[in-house]
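Student: Here it is, the structure, as structure tokens.
The values are calculated or read from the model by the stated rules, or taken from the named source; none is laboratory data. All of these numbers come straight from a predicted model, not from anything done at the bench. Here the Cβ positions follow ideal geometry from the backbone for every residue, glycine too, while neighbour counts run over all protein chains shown.
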Amino acid sequence: MNSDGKNLSPRGGFGGLVDRFVGPGATKAELLLQFVPALVAMVATPAYALTLRVQWTQLQLGFMALLAFDLVGGVLTNATSTAKRWYHRPGQGLRQHLTFVSIHLIHVLLVALLFRGGDWGFWFGTSGYLLGASVLILGSPLYLQCPVALGLYGLSLLGNCYLVSPTPGLEWFLPFFFLKIMVSHLLPETPYYTDTFQDFHQD
């Protein structure tokens, strides 16, 4: 239970596995918003890549599809009220959030290895910026975390445009990657409930 009496315990079985990613008690609307665009992106990304004059391996195309599913789905999932309640529940502090961030550095490593010929500058630069930005966001006073996160995300977009050479087929990777972590996940927004929202908008 959280402070307002809502149950935050994952279910058993496969449902519990889903709950640990999207948060317990996700509504049907939230699940549709999370999974439908992610599935579309999963198909569209390799389809787009095949229009380019690049000889892709099956491994590259498969990883592209999984990466698109994870990032598009992750941006939307982490922005839902259900996920906010779950990922910012009591006991989730700096260590837990930085663990979540650090796991995603594997994404950067695989892009550097599979699509950029072992570009270690890309790996270290992207990873260092993400970790540094995450510490700044989490270390800011609560009322400043949103503008700090958005400012740092804006800088990441400028870096993607002017400092980093584009990755063919994955030109979208860094904008979605930073959006998922720095804005969707790290910001502890107010987790509204559907009944609260409806009551608030009644005349």
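Student: Give me a count of the residues in region 30-47 that are more than 19 Å from the chain's Cα centre (by Cα) and either within 28 Å of ARG89 (Cβ to Cβ) or surrounded by 15 or more Cβ atoms within 10 Å (Cβ to Cβ) (or both). Full working, then the answer.
Tutor: Residues of region 30-47 more than 19 Å from the chain's Cα centre (by Cα): 46-47.
With either within 28 Å of ARG89 (Cβ to Cβ) or surrounded by 15 or more Cβ atoms within 10 Å (Cβ to Cβ) (or both) added as a condition, the list becomes 46.
Summing the residues that are more than 19 Å from the chain's Cα centre (by Cα) and either within 28 Å of ARG89 (Cβ to Cβ) or surrounded by 15 or more Cβ atoms within 10 Å (Cβ to Cβ) (or both) in region 30-47 gives 1.
Student: Another question, then. Please report, ordered by residue number, the helices (runs of 4 or more DSSP H) entirely within region 72-175 with at least 2 residues that are more than 29 Å from LEU32 (Cα to Cα). Even if it seems obvious, please write down each step before you answer.
Tutor: Working: elements: 81-87, 94-103, 105-115, 120-139, 145-162.
In region 72-175, 94-103, 105-115, 120-139, 145-162 are the helices (runs of 4 or more DSSP H) which contain 2 or more residues that are more than 29 Å from LEU32 (Cα to Cα).
Student: Based on this model, can you work out whether LEU105 counts as at pLDDT 95 or above and surrounded by fewer than 19 Cβ atoms within 10 Å (Cβ to Cβ)? Steps first, please.
Tutor: On the way: at pLDDT 95 or above: yes; surrounded by fewer than 19 Cβ atoms within 10 Å (Cβ to Cβ): yes.
It is true that LEU105 is at pLDDT 95 or above and surrounded by fewer than 19 Cβ atoms within 10 Å (Cβ to Cβ).
Student: Just to be sure before I move on: is LEU138 surrounded by fewer than 20 Cβ atoms within 10 Å (Cβ to Cβ), farther than 23 Å from LEU67 by Cα and out of contact with any helix residue (DSSP H, G or I) (no Cβ under 7 Å at 6 or more places or on another chain) in the structure I sent?
Tutor: Values: surrounded by fewer than 20 Cβ atoms within 10 Å (Cβ to Cβ): yes; farther than 23 Å from LEU67 by Cα: yes; out of contact with any helix residue (DSSP H, G or I) (no Cβ under 7 Å at 6 or more places or on another chain): no.
Against the criterion (surrounded by fewer than 20 Cβ atoms within 10 Å (Cβ to Cβ), farther than 23 Å from LEU67 by Cα and out of contact with any helix residue (DSSP H, G or I) (no Cβ under 7 Å at 6 or more places or on another chain)), LEU138 does not qualify.
Student: So, one more: Can you tell me which of (1) in a helix (DSSP H, G or I); (2) in contact (Cβ under 8 Å) with a residue 40 or more places away in the chain; (3) over 15 Å from LEU170 (Cβ atoms) is the one LEU32 doesn't meet?
Tutor: (2) is the only condition that LEU32 fails.
Student: Which residue is surrounded by the fewest Cβ atoms within 10 Å (Cβ to Cβ), if the candidates are limited to region 19-29 and must be in a loop (DSSP other than H, G, I, E, B) and at negative phi?
Tutor: First, the residues of region 19-29 that are in a loop (DSSP other than H, G, I, E, B): 23-27.
Remaining after also requiring at negative phi: 24, 26-27.
Details: PRO24: 19, ALA26: 22, THR27: 13.
Only one residue fits best here, namely THR27.
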